[in-house]
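Heads up: the structure comes next, in structure tokens.
The values are calculated or read from the model by the stated rules, or taken from the named source; none is laboratory data. Note that the structure is predicted; figures quoted are calculated from it, not measured. No Cβ is skipped: glycine too gets one built from the backbone with ideal geometry, and neighbour counts run over all protein chains shown. Just so you know, the surface numbers come from the protein's heavy atoms only, side chains and all, with ligands and any DNA or RNA stripped out. Shrake-Rupley method; radii C 1.70, N 1.55, O 1.52, S 1.80 Å.
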Amino acid sequence: MIKPLSDRVLIEPKEAEVKTASGIYIPDTAKEKPQQGKVLATGPGKKDEIMEVKAGDVVLYGKYSGNEITVDGKQYLIVKQSDILAIL
């Protein structure tokens, strides 16, 4: 498993919507990048910054924040705690 360092957080992004509420299917080229996901792991934090999020939290993060990685065919996102906007 991936263990983030410092104030980094490992997030499993929520799947992008494939169909609108009215039933129209969205093509891959028009899908929006998801902005929420589940926290899988957190780093220990920094000396002057404690970690406010913990594994299992569902969070909202900035649209273009973090680094996307793929491990065993699964997409993950590593972001700094400061890039997380809210805990849902």
Is at least one residue of region 61-69 modelled with pLDDT under 90 and open to solvent by 40 Å² or more (accessible area, probe 1.4 Å)?
-> yes
Tell me, please, whether a residue that is open to solvent by less than 40 Å² (accessible area, probe 1.4 Å), part of a loop (DSSP other than H, G, I, E, B) and of a type in the set (Val, Ile, Thr) can be found in region 33-42.
-> no
Determine which member of the set Lys14, Lys19 is on the phi < 0 side of the Ramachandran plot, out of contact with any Lys or Arg (no Cβ under 8 Å at 6 or more places or on another chain) and of a type in the set (D, E, K, R).
-> Lys19
Among all residue pairs at least 6 apart or on different chains, which show Cβ distances below 8 Å where the first residue, located in region 45-60, is basic (Lys, Arg) and the second is outside any loop (DSSP other than H, G, I, E, B)?
-> Lys54/Val39; Lys54/Thr42
Looking only at residues in region 6-25 that are of a type outside the set (A, V, I, L, M, F, W, C) and either in contact with a Ser or Thr (Cβ under 6 Å, 6 or more places away or on another chain) or in a loop (DSSP other than H, G, I, E, B) (or both), which one is least open to solvent (accessible area, probe 1.4 Å)?
-> Asp7
When you look at Lys54, is it modelled with pLDDT of 90 or more and of a type outside the set (Phe, Trp, Tyr), yes or no?
-> yes
Do you know which residues across region 3-40 are β-branched (Val, Ile, Thr) and under 19 Å from Glu52 (Cα atoms)?
-> Val9, Ile11, Val39
